[in-house]
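Just so it is clear, none of the values below were taken in a lab; they were calculated from the coordinates. The structure presented is a predicted model; accordingly, all values stated were derived computationally and were not measured. Cβ sites come from the backbone with ideal geometry, for glycine too, and all protein chains shown count toward neighbours.
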Amino acid sequence: MTQKERVLAAVNRQPHDRPPVFATLTPQVAGTLSEYLGLTYEEPVDSLLSTRISHTNLLTTLGNDCAGIAACPPANRPTVTSEEGLIINEWGMVFKNAGLYNEFYRFPLSGAESAADIENYNWFDPNDQSRFAFSVDTVEKYGKQFAIVGDLETTIFETAWYLTGLEKFLADLLIRPSYLEPLLDKIMYINLETGKKLIELGADIIWAGDDFGTQRGMVMDPETWREIFKPRIRYIFEEFRKVNPEIKIAWHTCGSMVPIIPDFIEIGLDILNPLQPRAEGMDPEFLVNNFGKDLIFFGGIDIQELLPEGPVKKIKDEVKRRIEIFGKYNGYIVAPAHNIQPDTPVEHIMAFFDAVKEFRY
């Protein structure tokens, strides 16, 4: 079967030969692997979600069954680098190059207090067609053979705090200043329009998300999440299915988010990611026994210790063990729980892919 057929079979709980894979890498790892395999290095795509959609030729060569697409800066709002070396994207977020990742340097709405501050902000047009040129090209090149995953992580919460700063935003979830609801609704509108366009372009899976979890529990109390975020996420899911009733919806939340998993099932989630192995309560047997009949699982391979430390046999044994657990109900997409990091040796990365290729249902 083709890679696309394999993915679609898995997310529809139909028979397939082995579990599909969708791994992602940091640019540093992509460089090392490209040299190892004798491939031309692909520069990262300019996007807020760059690591999820870059290095597609390398990753499909390694064994990925999916190709990622996402929006990029519009032509009239390109990413720029200031004379001081600061990086400003289309949202107005300001970063500095910290080596492994770009780190936040300045939050453009850190002083927001009123609805007028949101109304008067210099927003871009989410429907600007230039935002989707990369996605169009990727679908044309990979869409017949590979499953297309439209990436829309940082759907509401993360984009909001990327604009205001995390400390301010979390405090304002309690204080509820007048800017809060307009900001969330504006972000929801922009990312909803973006997601709808990615579906129209041919995404088989739309991969939305916000990190609501930490290593030990949720970032906020579940009641606040249910009041502020759940209705908006429900609305987004409903609107996605108006574009394509058959679309599969994945949600990414790092860390521990067990209390709200039933809520996501209630509002129509299909696929849960990334199943961070070392986060509290995210034990694979627990997740499968409690939610495996309702959710397809996507992720679950540890990048904190297993992939960096190995050894190779342990990696292969653990990957196969987790495939058996997460695949109990005939639906699992194998993936590391985050981008593979530079502390991971090449032979360990190859062991990960080899383990999946060796597995047969």
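So how far apart, in nm, are the two label points at residue 12 and residue 317 if each is 7 Å from Cα heading toward Cβ?
Simple spin-label model gives 3.8 nm for this pair.
Of the listed peptides 351-361, 169-179, what is their order by residue-averaged count of other C-beta atoms within 10 Å, with the highest listed first?
Numbers: 351-361: 16.8, 169-179: 15.1.
In decreasing order of mean packing, 351-361, 169-179 become 351-361, 169-179.
Too long at a 29 Å Cα-Cα cut-off: which of 4/197; 4/230; 168/230; 4/293; 186/328; 230/314?
Details: 4/197 20 Å; 4/230 31 Å; 168/230 21 Å; 4/293 23 Å; 186/328 40 Å; 230/314 39 Å.
From 4/197; 4/230; 168/230; 4/293; 186/328; 230/314, over 29 Å: 4/230; 186/328; 230/314.
Which of 146, 279, 27 sits farthest toward the positive end of the charge dipole of the chain, with +1 on the Cβ of Lys and Arg and -1 on the Cβ of Asp and Glu?
In the chain, that residue is 146.
So how much slack lies between residue 223 and residue 175, counting 0.36 nm per residue of separation and subtracting their Cα-Cα distance, in nm? Could you put the intermediate results ahead of the total?
Values: separation 48, 0.36 × 48 = 17.28 nm, distance 1.49 nm.
Stretched out fully, the residue 223 to residue 175 stretch lengthens by 15.8 nm.
Looking at 47, 112, 80, which one has the Cα that reaches farthest to the positive end of the dipole of segment 1-153 (charges on Cβ: Lys, Arg +1; Asp, Glu -1)?
47
Summing +1 for each Lys or Arg and -1 for each Asp or Glu, what net charge is found among the other residues whose Cβ lies under 9 Å from the Cβ of residue 49? Walk me through the numbers on the way to the answer.
Numbers: positive: 52; negative: 151, 153.
Net charge around residue 49: -1.
Based on DSSP, what percent of beta bridges with both residues in the chain are antiparallel, to the nearest 5?
On the way: 10 of 36 bridges.
Here the share of antiparallel DSSP bridges comes out near 30 percent.
Which order do the peptides 181-194, 198-211, 92-105 take when ranked by the mean count of other beta-carbon atoms within 10 Å per residue, highest first? List each step's numbers first, then the result.
Details: 181-194: 18.4, 198-211: 22.8, 92-105: 14.3.
Descending mean neighbour count gives 198-211, 181-194, 92-105.
Return 161, 123 ranked ascending by Cβ neighbour count within 10 Å, so the fewest neighbours appear first. Present the calculation step by step, with values, prior to reporting the outcome.
Details: 161 22, 123 16.
Ranked by crowding around the Cβ, least crowded first: 123, 161.
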